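The values are calculated or read from the model by the stated rules, or taken from the named source; none is laboratory data. Predicted model only: the values in this text are computed from it and were never measured. Cβ: placed from backbone, ideal geometry, glycine included. Neighbour counts: every protein chain shown.
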Amino acid sequence: MKVGFDPGKDASNRAKHGLSLADADLGDWKAAFIALDDRRDYGEFRWYAYLPIDGRVHVAIYTERGDVTWMISLRRANAREVRKYDELRRR
């Protein structure tokens with residue numbers, strides 16, 4: 001997988017969440033649960049993923065631009081999101 005991101009957005013994500021968008025490349029995408037983020041019209045398809053990274057669940061927001069997974073946000077999952085991920089894994 002080829003991960004891309006805007007450097008300014010990466011700096012903002014680091015400041016807000018303590019994670020680089022590049023860290024998404026470390027995730028176990030085969031174990032991720034992915035769904036369309038259709039809460040609003042973004043002008044492009046956006047996806048969110050419950051993404052395990054180093055044994056901890058994270059939430060990744062991204063879009064696909066050609067062959068690049070373009071990262072928008074990456075943060076640690078909150079307790080509710082971790083429970084949801086665990087529930088999905090048990091299915």
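The condition of being aromatic (F, W, Y) and more than 11 Å from the chain's Cα centre (by Cα) holds for only one of F33, F45, that being F45.
Note on the range 46-74: residues that are free of Cβ contacts under 8 Å to residues at least 60 places away in the same chain and surrounded by 11 or more Cβ atoms within 10 Å (Cβ to Cβ) amount to 16.
Of all residues in the range 63-91, those satisfying the criterion of being small (G, A, S) and closer than 20 Å to S20 by Cα are S73, A77.
For the range 10-31, the set of residues classified as among the small types (G, A, S), in a helix (DSSP H, G or I) and surrounded by fewer than 16 Cβ atoms within 10 Å (Cβ to Cβ) consists of A11, S12, A15, A22, A31, listed by residue number.
How many residues, within the range 34-75, are modelled with pLDDT of 95 or more, under 17 Å from D6 (Cβ atoms) and acidic (D, E)? Qualifying residue count for the region: 1.
Condition (residue is surrounded by 14 or more Cβ atoms within 10 Å (Cβ to Cβ) and part of a strand (DSSP E or B)) applied to the range 77-87: is it met by at least one residue? No. Contact annotation: residue pairs with Cβ atoms under 8 Å, 6 or more positions apart or on different chains, pairing a residue in the range 7-33 that is under 16 Å from A49 (Cβ atoms) and modelled with pLDDT of 95 or more with a partner that is acidic (D, E) and part of a loop (DSSP other than H, G, I, E, B), are L26/D54.
Among the residues that make up the range 36-49, is at least one of them part of a helix (DSSP H, G or I), farther than 13 Å from D25 by Cα, out of contact with any Cys (no Cβ under 8 Å at 6 or more places or on another chain) and hydroxyl-bearing (S, T, Y)? Scanning the range 36-49, I find no residue that is part of a helix (DSSP H, G or I), farther than 13 Å from D25 by Cα, out of contact with any Cys (no Cβ under 8 Å at 6 or more places or on another chain) and hydroxyl-bearing (S, T, Y), so the answer is no.
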